[in-house]
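J.: Let me begin by handing over the structure; questions about it come next.
The values are calculated or read from the model by the stated rules, or taken from the named source; none is laboratory data. Bear in mind that the values here come from a model prediction, so they are computed numbers and not experimental data. Cβ: placed from backbone, ideal geometry, glycine included. Neighbour counts: every protein chain shown.
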Protein chains: 4
Amino acid sequence: MPSNRGVVYMGPGRVEVQSIPYPKMEAPDGRKIEHGVILKVIVSNICGSDQHMVRGRTTAPTGLVLGHEITGEVVELGSDVEFLKKGDLVSIPFNVACGRCRNCREQQTGLCLTVNPARPGGAYGYVDMGGWQGGQAEYVLVPYADFNALKFPDRDTAMEKILDLTMLSDILPTGFHGAITAGVGVGSIVYVAGAGPVGLAAAASCQILGAAAVLIGDINAERLAHAQNVGFIPIDLTKSEDVGELIEAAIRVPEVDCSIDCVGFEAHGQGRDAGQEAPATVLNTLMKITRAGGAIGIPGLYVTDDPGAKDPAAREGSLSMRFGLGWSKSLRFSTGQTPVLRYNRQLMYAILAGRLPIAKTVNATVISLDEAPKGYQDFDRGAPRKFVIDPHRTLS
Amino acid sequence: MPSNRGVVYMGPGRVEVQSIPYPKMEAPDGRKIEHGVILKVIVSNICGSDQHMVRGRTTAPTGLVLGHEITGEVVELGSDVEFLKKGDLVSIPFNVACGRCRNCREQQTGLCLTVNPARPGGAYGYVDMGGWQGGQAEYVLVPYADFNALKFPDRDTAMEKILDLTMLSDILPTGFHGAITAGVGVGSIVYVAGAGPVGLAAAASCQILGAAAVLIGDINAERLAHAQNVGFIPIDLTKSEDVGELIEAAIRVPEVDCSIDCVGFEAHGQGRDAGQEAPATVLNTLMKITRAGGAIGIPGLYVTDDPGAKDPAAREGSLSMRFGLGWSKSLRFSTGQTPVLRYNRQLMYAILAGRLPIAKTVNATVISLDEAPKGYQDFDRGAPRKFVIDPHRTLS
Amino acid sequence: MPSNRGVVYMGPGRVEVQSIPYPKMEAPDGRKIEHGVILKVIVSNICGSDQHMVRGRTTAPTGLVLGHEITGEVVELGSDVEFLKKGDLVSIPFNVACGRCRNCREQQTGLCLTVNPARPGGAYGYVDMGGWQGGQAEYVLVPYADFNALKFPDRDTAMEKILDLTMLSDILPTGFHGAITAGVGVGSIVYVAGAGPVGLAAAASCQILGAAAVLIGDINAERLAHAQNVGFIPIDLTKSEDVGELIEAAIRVPEVDCSIDCVGFEAHGQGRDAGQEAPATVLNTLMKITRAGGAIGIPGLYVTDDPGAKDPAAREGSLSMRFGLGWSKSLRFSTGQTPVLRYNRQLMYAILAGRLPIAKTVNATVISLDEAPKGYQDFDRGAPRKFVIDPHRTLS
Amino acid sequence: MPSNRGVVYMGPGRVEVQSIPYPKMEAPDGRKIEHGVILKVIVSNICGSDQHMVRGRTTAPTGLVLGHEITGEVVELGSDVEFLKKGDLVSIPFNVACGRCRNCREQQTGLCLTVNPARPGGAYGYVDMGGWQGGQAEYVLVPYADFNALKFPDRDTAMEKILDLTMLSDILPTGFHGAITAGVGVGSIVYVAGAGPVGLAAAASCQILGAAAVLIGDINAERLAHAQNVGFIPIDLTKSEDVGELIEAAIRVPEVDCSIDCVGFEAHGQGRDAGQEAPATVLNTLMKITRAGGAIGIPGLYVTDDPGAKDPAAREGSLSMRFGLGWSKSLRFSTGQTPVLRYNRQLMYAILAGRLPIAKTVNATVISLDEAPKGYQDFDRGAPRKFVIDPHRTLS
């Protein structure tokens, strides 16, 4: 049995690379399983939602192996894996899903009813998501592998575009779900809140869906500059509290057809209040600037409890929303994690055809496993990069 | 030119029947129009949203002629009305709509861009909805009549079911929109908040859509008893603050597939707090009891400003919502007024076929024009009735 | 190991009850599988599509154990079955599906890519559908059981409604798919071609979906009488070749909103030609009577090759269709087998709530295993019954 | 009153430019109308469906003024036109539609129930489509102008892209409807039958919708070369009768996700039979090459009667279709004319944003009114061009 190493959460602000056990064909509760595969991890990315844990905003226990964005090679198969074989290169959705429950049958794999005893929906390497080991590691177990794994059609072609394909495990389908639920289509004018990797992935999704204009708002100058470089219209939220005014300056009208919240509950104020936490800011802004009859996609994370919030209401996940404004405009709001499996195959084909240069859009940056702690720090400081861990140095 | 009389808002708590001008072929701003018809009103109902004005919760001016639920007979036609003729019996959607703007073309008639200079969406006899005269009167003008009017196929058959058909102008499509946007379908388990006429119409809509079980929650005992009589499962909200527990007692599971808010911003607390205003109560309850992956339809009115609210945040239309809870369950929220024209024809066919006994469901009660002020009072006290004004005593 | 008996195809016009092997945990190609369960069959119905084989219209080999409509009790479990347990009462979709391929993930379980090497889609006891043993037997193997089986929530309640619930394995979802793809909704006027069990199931589906009127056309007087008894409008196709005229006589207009072909390629002529085979008759009729902009759902079977056809073109599955007529009316056509799993849970809830009395609608008639050959004969003669085989006399 | 000139059909194979009456505010039956505008035509294109008439394949009467692809400037307004004004530059959908009937209300403007007494659906300058004068002229009447006209937001910007925007009146929305009804989306592999302007517009639509690969099949070498030049994968149908084989040679698999028939009833055989009329060839091919579960969009025209057909069945619009093949693959078929108004606004925004260079894709070629007869000839010979008539020499 080979050794294994992974990125481990050691307490607020601290991650370390440590030796960890090589995966067994077992569920987190110790039951033996027949449907799993063990992957040699080819690439695994650092995600903004990992940061929520690392910043100490959650109840994540120390010792947790992080990482839910996994692409790898099959090295071992359970006895009930029929359609994968050793050597297959696969993308793994961050949602752990059984493929057998009511929700999985209905393509709601983000709400699988069986992989997490606590509540619908599981994930690798994440607090309260079922206890599955994370993939920022050399090896990882993937359960229900026939169902969960998306096999790349051709290994060589896949390796050429591996920095694009690695985004299929989470941020590209996350951004795409935001765009789809916001009703983005051909000719749409869209505003994306947040110029981090998920915001950029949402913007790229709008682009491939035929949007006429994609605006991205943020308070981070470096991220805005990058967004502009890769083809989007930057909206600098430090310039005014009135986002409608900023939008009008950019496109002559103060409202958009659709909007996407890629920020979530750790939102900050705008204009004069830039820098202050203000968890309902993005939602209230989007209600203001979205045209009547439009929709708001909300892939950005909102939590049921936020022990670290300043506002006492926010601590129990309550936000002060101008809901009456949204109602008067007949807006629709779609929330929650993306069901990756609903989208990843078609996005893969678009990538392989050269139509979705997502690695460039999010500025994919390869690092070694040992560089992961530094990657976490840089990302937390707002570097306009998406860090891709290459634990076996396959890409170098 | 015949005389005209109508129900007029005279200040908080007061409506009177008065002489009013006979309609002219003019828009509210005085422009002559070619596309209108004048209707002899056959029936016009009192609506819960009229009550918001009459209770003084809005900025409605005194002198406003009320009434947006109109069924009538064409008695005069503008020069550009091509498809209606004198004597036609028609149902008029409460939304005034031009049929020519971007939103009307897309079946968003509740957000017509041209009939209300203040904001998208117009209505008859309503504050801030464009200044169109109300229909609780003997005669009323209907603009863009070819587009707006739904002609009944046969006059005699229509008169036999007129108490059902009168619900097509507002509450039936309103309830139906709630059900559709909540994703109600064959086999659904649904919870409807509010046992007033809109709640009952939503419940009847769930029924015709094939729901397996329809629960209705309220704090009004008389309304709950009526809901039970017409075939729904009553949930008495005075019994507990924990609605999930009440639901579990009724159907063995504590959650539903879909839910519909037919209450809106004038919501009251439950359990111990029954009777207290608590504008976010219904929304927070529905997030709790709706299953992960479900949807919430929100036909109940939420306002941009509520000068009469006790809570200062609510005064500007802000609600304290446990949005993180909804997000963790991937819920979808649909808001706003129904576009009546999208639904009324099909609902009419269902009524004419005897499949939607909505008059009985909402307890339609005919009154004369002069009885309207008393009807407003009785309805405000929570009588389990839907008052139908018969200004020409056509039905007696 | 218990003994086993089943209904076996012995050549054109002949079925016999014979001893057959007790199922093994093996795929048809002999591979050992971990994901199967063995069911004690509670009920298994005779289907019109079994008749295609028994009449000798297909290349079905003698020795084939028939039956794809299966409801049973779990008596044995493979090592990778996690969510079922012994004693569970389950409904099995006729489509064998792996739950792991691209099509199954997208709810296209009728086109599973892995269970049938010949082409997409598998079934139990059916020619060219993958070689899975049929369920008109005492015991049967169900592969990928966690995915395929729909467990009834409560055994006692299920046994009370077992004659309704048995229709979930095929004809109810088949008729429902026809109705859904025909665009049936609240207030629809629908024409169903064929008053056999699938036609009646389609009609019942229209009813639960809110249709205003459901017409059923056939040439069999007994079936038409039954259709009328259970609430539908019979159209006697022996009366005229002009179906529009017959429809107009029934509902005053000569066209319908939606139509459903529950007959398929073994269609017969109408009016003077009643009784003659005329494989495109139904399709051409539906194009004529469906309103412009409408849709046609086609659950009735059309085959790629029909060696028994009289018309040489029909022998290779070619039909002479007035497609230009359909085009000029912008019609939509939806074909193919239903993906049962997409619909069966919601239909089950509607049945358990007492809203879908499908057993009565199709005239479910219980017979023993030994009576199966007689059931085949009676059904072939057009008896207005749906035969339900009870191999273990559980219901008596 | 200014003079007027237009392109007139003079019998099979003959069109002439003649003096014609200046439009009056009248319907074809002579009724005075209030809802029309008179346009000075800026550009009007020659369409493949004009060719059906000019080739004498229809019952078009001589003297018919041709042209249904109209972009123009408002020069006169009826008394019930409220939202347009003189000088507005507008695109006119080829479908004449009232905006007031059941179908128009439901966005089925291609099936308007009132503008054509003969059957649902009207058009300018077309046989059996209601008798509205064509737009290959200096001036033309547009009825129901507020509803039908799409106003360009800015005149100068519009004039810069006028050769793209002129495609909004027909072929771009026609191709787009084909793509939408074929289910084209992000990552789709699509086959388009026909490399004429509609085929190219469908291909461009697939592109903006995010398709991964777009193949176009034709037998015309020049058109195939052009298709390749503008970015699509050409399939030369003269090379083999087996289109699957040709597709496999191009993309390694013999089938596609979606397919679009942009040819219609004047289809010709392939391979050895290239050049022979074979009206069901395209449909039968598409059933063969479209993957199970896919859909076929059919914007190509199929007629109810084809007096010029060689095959007697085809003369009454009957085609010999291998429908059983389509059924076994659960294919969906969508037919009919596009409802332009459902798509043209969003396509306009995509053009104005520079994302849809449709003029280049279809090789738009400007000609004068007097050059129209020659344009008809060149187009009929299969020139890879889309001819745009500029009757007032506005563009030169």
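J.: Is the range B:284-306 home to any residue that is under 25 Å from B:A213 (Cβ atoms) and away from chain A (no Cβ under 13 Å)?
T.: Within the range B:284-306, one or more residues are under 25 Å from B:A213 (Cβ atoms) and away from chain A (no Cβ under 13 Å).
J.: Next question. Which number in (1) touching a His at 6+ places or on another chain (Cβ under 6 Å); (2) under 30 Å from A:H177 (Cβ atoms) marks the one condition that B:G300 misses?
T.: So the condition that B:G300 fails would be (1).
J.: So, in the range D:1-33, how many residues would count as being under 26 Å from D:I367 (Cβ atoms) and part of a strand (DSSP E or B)?
T.: 13
J.: Tell me yes or no: at least one residue of the range A:153-167 is surrounded by 22 or more Cβ atoms within 10 Å (Cβ to Cβ) and of a type in the set (S, T, N, Q).
T.: Taking every residue of the range A:153-167 in turn, at least one turns out to be surrounded by 22 or more Cβ atoms within 10 Å (Cβ to Cβ) and of a type in the set (S, T, N, Q).
J.: Which of the strands (runs of 3 or more DSSP E) contained wholly in the range A:313-382 include at least 2 residues that are more than 7 Å from chain B (Cβ to nearest Cβ) and either modelled with pLDDT under 95 or touching a strand residue (DSSP E or B) at 6+ places or on another chain (Cβ under 7 Å) (or both)?
T.: In the range A:313-382, A:364-367 are the strands (runs of 3 or more DSSP E) which contain 2 or more residues that are more than 7 Å from chain B (Cβ to nearest Cβ) and either modelled with pLDDT under 95 or touching a strand residue (DSSP E or B) at 6+ places or on another chain (Cβ under 7 Å) (or both).
J.: Anything in the range C:95-135 that is touching a helix residue (DSSP H, G or I) at 6+ places or on another chain (Cβ under 6 Å) and within 27 Å of C:T394 (Cβ to Cβ)? List them, or say none.
T.: Within the range C:95-135, C:N95, C:A97 meet the criteria.
J.: Please go through the range C:210-233 and give me each residue that is within 13 Å of chain B (Cβ to nearest Cβ), crowded, with 22+ Cβ neighbours inside 10 Å and not in a strand (DSSP E or B), ordered by number.
T.: C:G210, C:A211, C:A212, C:F232
J.: Hey, another quick one. Are any residues in the range A:116-160 part of a loop (DSSP other than H, G, I, E, B) and either at the interface with another protein chain (Cβ under 9 Å from one of its Cβ atoms) or closer than 21 Å to C:R102 by Cα (or both), and if so, which ones?
T.: A:R119, A:P120, A:G121, A:P143, A:Y144, A:A149, A:F152, A:P153, A:D154
J.: In the range C:22-33, how many are surrounded by fewer than 13 Cβ atoms within 10 Å (Cβ to Cβ) and either among the aromatic types (F, W, Y) or under 27 Å from the mean Cα position of the chain (by Cα) (or both)?
T.: Within the range C:22-33, residues that are surrounded by fewer than 13 Cβ atoms within 10 Å (Cβ to Cβ) and either among the aromatic types (F, W, Y) or under 27 Å from the mean Cα position of the chain (by Cα) (or both) number 1.
J.: While we're here: Would you tally the residues in the range A:52-73 being touching a residue at least 40 places away in the same chain (Cβ under 8 Å) and farther than 20 Å from A:G130 by Cβ? Please lay out each step first, then the result.
T.: In the first step, residues of the range A:52-73 are kept if they are touching a residue at least 40 places away in the same chain (Cβ under 8 Å); the result is A:52-72.
Retained after the next criterion (residues that are farther than 20 Å from A:G130 by Cβ): A:55-56, A:71.
Going through the range A:52-73 one residue at a time, the tally reaches 3.
J.: Residues D:K310, D:K288: which one is of a type in the set (D, E, K, R), part of a loop (DSSP other than H, G, I, E, B) and farther than 30 Å from D:L165 by Cβ?
T.: D:K310 is the lone residue from the list that is of a type in the set (D, E, K, R), part of a loop (DSSP other than H, G, I, E, B) and farther than 30 Å from D:L165 by Cβ.
J.: Only residues that are polar (S, T, N, Q) and touching an Asp or Glu at 6+ places or on another chain (Cβ under 6 Å): list them for the range D:2-43, please.
T.: Hit for the range D:2-43 is D:N4, nothing else.
J.: Right, next: Does B:A372 meet the test of being farther than 30 Å from B:T71 by Cβ and either surrounded by fewer than 23 Cβ atoms within 10 Å (Cβ to Cβ) or within 19 Å of the chain's Cα centre (by Cα) (or both)?
T.: no
J.: Which of the residues spanning the range A:321-355 are of a type in the set (S, T, Y), buried (at least 22 other Cβ atoms within 10 Å of the Cβ) and more than 17 Å from the chain's Cα centre (by Cα)?
T.: A:S328, A:S330
J.: If you check A:V243, A:V263, A:V198, A:V256, which single one turns out to be surrounded by 23 or more Cβ atoms within 10 Å (Cβ to Cβ), touching a residue at least 24 places away in the same chain (Cβ under 8 Å), within 19 Å of D:Q346 (Cα to Cα) and not hydroxyl-bearing (S, T, Y)?
T.: Being surrounded by 23 or more Cβ atoms within 10 Å (Cβ to Cβ), touching a residue at least 24 places away in the same chain (Cβ under 8 Å), within 19 Å of D:Q346 (Cα to Cα) and not hydroxyl-bearing (S, T, Y) holds for just one of A:V243, A:V263, A:V198, A:V256, which is A:V256.
J.: Sticking with this structure for a sec: Taking the range A:161-196 only, how many residues are over 23 Å from A:G67 (Cβ atoms) and part of a helix (DSSP H, G or I)?
T.: Qualifying residue count, the range A:161-196: 3.
J.: Still on this structure, I have one more. Taking the conditions exactly as written (over 30 Å from B:K310 (Cα atoms), modelled with pLDDT of 95 or more and more than 14 Å from chain D (Cβ to nearest Cβ)), does B:L165 satisfy them or not?
T.: Values: over 30 Å from B:K310 (Cα atoms): yes; modelled with pLDDT of 95 or more: yes; more than 14 Å from chain D (Cβ to nearest Cβ): yes.
Answer is yes for this residue.
J.: Please verify whether D:V90 is within 24 Å of D:G375 (Cβ to Cβ), of a type outside the set (D, E) and within 14 Å of chain B (Cβ to nearest Cβ), treating the condition exactly as stated. Outline the logic, then answer.
T.: Details: within 24 Å of D:G375 (Cβ to Cβ): yes; of a type outside the set (D, E): yes; within 14 Å of chain B (Cβ to nearest Cβ): yes.
Here the answer is yes, as D:V90 does meet what is asked.
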